[in-house]
Amino acid sequence: MAASALALRSLFTSLSINHTDKPGLLNGNLPLLSGCKTVVLRKGSYSMDGQNFKLNCLRDKEMDVSASAFVDKVAECSNETETVQISDQGEPSVSTMLMNFTNDFDPYEALSTPLYQTATFKQPSATEYGPYDYTRSGNPTRDALERLLAKLDKADRALCFTSGMAALSAVTHLVGTGEEIVAGDDMYGGSDRLLSRVTPKSGVVIKRVDTTNLEEVAAAIGPWTKLVWLESPTNPRQQITDIRKIAEMAHARGALVLVDNSIMSPVLSRPLELGADIVMHSATKFIAGHSDLMAGVLAIKGESLAKELYFLQNAEGSGLAPFDCWLCLRGIKTMALRVEKQQENAQKIAEFLASHPRVKKVNYAGLPDHPGRSLHYSQAKGAGSVLSFLTGSLALSKHIVETTKYFSITVSFGSVKSLISLPCFMSHASIPAEVREARGLTEDLVRISVGIEDVNDLIADLGNALRTGPA
């Protein structure tokens, strides 16, 4: 949050300075000011009285060192760049947590988490067990990743699975015969396939609703509802669901709330803090970030629920392999940096597409005209880097997908590489055409996952495809 001059003045009124003729350079902590007459403010981090602030000026600032002048000059920087920030000494940022997570089990304190590539572990005796026995049940490398993910999501426990679908499948096994799952009608195609073709075989009743319509959701949740399944934003139409209110409705009827947070990642949203009981991430996407592994995560609130899901993970043999855990631990270190850059690029691309005469509609919560924008920013820090748009013509959309040079035609999202697809023919092809049409998922819909390339190149690439497409 940008700091005002008034807030900064309050913070620095206790500054005591002995004036001399010696110039000084403010490049660390404020106590270094003592004995200096002038200072030069440079980009960096500073602290005073146990509080921190961050300064990112466009140019160096030379100034008299009086507390009043210092406050005014810092405020000038704030007005110039809106990057002066004050924070307490509480929880570090996600990027700091990712870079400073320690491996408590490693006696050698390796900076990189060791890979325990083993199926079994030797036991101390015939009747005693050590902390690990069989990797299906647990592995030190997997435990390290699960502890980190639990910390990021503020969960009581996190569990890593062989894929996002394996994680979601485990959650469906919490629901018994005759009980109900209430789920959104706009969701990832793999989730839709699981709920429409697999889960009902166990006698579970599936109710599909428009999760943006609170009255419709409330009417669907009944005494037999065991689980409410949400996405926000939805994939691929980017609809926004009020997680807080739906969680209140579900809990009032004794139901659990699952949120698929794959599009946001723990960097941008923490649904457990909004009332969810279980958060699922397809770690294949932003968490790993490089399209080189498949993994799923459940971040869970409550020890009892966590134990139940761990039992299912172990019984079904769906725990993530050590090598994939190690790859994920390597990729996750740059997650905050990647997500920030991808989101920055996506915002510019969305604005470009929204202004283009050949684009009919852009679905992206970062745009001012998105109907769910205010709600989204009340429960997330940003709009992310997945967006979709309509052209009104399948021929034009197909041309765009096939003509771009820097967007790879493929399913998935969250990679450092920009991706593009027609969901009706790829990620959502398993949904019957008439159902897709009824849900507003039309064949001309193009989905983009924005990467970390130079955004000017990406915009030029899309612009060329739009310009050369059929009328």
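None of the figures in this text is laboratory data; all of them are computed from the coordinates on show. All of these numbers come straight from a predicted model, not from anything done at the bench. As a convention, Cβ positions derive from the backbone with ideal geometry for all residues, glycine included, and neighbour counts pool all protein chains shown.
Using the Karplus curve 6.51 cos²θ - 1.76 cosθ + 1.60 with θ = phi - 60°, work out ³J(HN,Hα) for each residue of the range 399-409 in order, rounded to whole Hz, and write x for Gly and Pro.
With coefficients 6.51, -1.76 and 1.60, one gets 4, 4, 4, 8, 9, 4, 8, 9, 10, 7, 7 Hz.
How many angstrom lie between the C-alpha centres of the range 419-457 and the range 336-364?
15
How do Met335, Met294 rank when sorted from fewest to most other Cβ atoms within 10 Å of their own Cβ? It would help to have the intermediate numbers written out before the result.
Numbers: Met335 23, Met294 19.
Result, fewest neighbours first: Met294, Met335.
Using the Karplus curve 6.51 cos²θ - 1.76 cosθ + 1.60 with θ = phi - 60°, work out ³J(HN,Hα) for each residue of the range 297-308 in order, rounded to whole Hz, and write x for Gly and Pro.
Once θ is set to phi - 60°, the couplings for the range 297-308 become 9, 10, 9, 10, 9, x, 5, 5, 5, 4, 5, 5 Hz.
Among the listed pairs Lys122/Lys151; Lys154/Lys348; Lys151/Lys333; Lys307/Lys381; Lys285/Lys307, which are separated by more than 22 Å between their Cα atoms? Each step should come with its number before you reach the end.
On the way: Lys122/Lys151 30 Å; Lys154/Lys348 31 Å; Lys151/Lys333 14 Å; Lys307/Lys381 30 Å; Lys285/Lys307 26 Å.
From the list (Lys122/Lys151; Lys154/Lys348; Lys151/Lys333; Lys307/Lys381; Lys285/Lys307), the Cα-Cα distance tops 22 Å for Lys122/Lys151; Lys154/Lys348; Lys307/Lys381; Lys285/Lys307.
Hey, can you grab everything whose amide H is under 5 Å from the amide H of Leu230? Only 5+ residues off in sequence or another chain; H modelled, so Pro and N-termini drop out.
Excluding prolines and chain starts, which carry no amide H, the hits are Leu258, Val259, Asp260.
Along Cα→Cβ, 7 Å out, is where each label goes; now give me the distance between the ones at Ser112 and Glu443 in nm to one decimal.
Once both label points are built, they end up 4.9 nm from each other.
Residue-wise, which Karplus ³J(HN,Hα) couplings in Hz belong to the range 170-185, taking 6.51 cos²θ - 1.76 cosθ + 1.60, θ = phi - 60°, and x for glycine or proline?
4, 5, 5, 6, 6, 9, x, 4, x, 8, 10, 10, 9, 9, x, 8
Note down the net charge around Glu180, summing +1 for each Lys or Arg and -1 for each Asp or Glu among other residues with Cβ under 14 Å from its Cβ. Spell out each step's value before the answer.
Details: positive: Lys207, Arg208, Lys226, Arg253; negative: Glu179.
After counting each charged neighbour, the total is +3.
Which whole-number percent gives the relative contact order of the range 278-392, counting Cα pairs below 8 Å spaced six or more residues apart? Please list the in-between numbers first.
Details: 121 pairs, mean separation 25.4, N = 115.
22 percent.
Could you line up Tyr134, Tyr406, Tyr188 from fewest to most neighbouring Cβ atoms inside 10 Å? Walk me through the numbers on the way to the answer.
On the way: Tyr134 12, Tyr406 15, Tyr188 23.
Ordered from fewest to most neighbouring Cβ atoms within 10 Å, Tyr134, Tyr406, Tyr188 come out as Tyr134, Tyr406, Tyr188.
Tell me, what is the percent relative contact order of the range 335-468, built from C-alpha pairs under 8 Å that lie six or more residues apart?
Values: 220 pairs, mean separation 38.3, N = 134.
Rounded, it is 29 percent for the range 335-468.
Taking the Cβ of Val339 as the center, what net charge do the other residues with Cβ under 11 Å away carry, scoring Lys and Arg +1 and Asp and Glu -1? Intermediate values should be presented prior to the final figure.
Working: positive: Lys285, Arg338, Lys341, Lys381; negative: Glu340, Glu344.
For residues surrounding Val339, the net value is +2.
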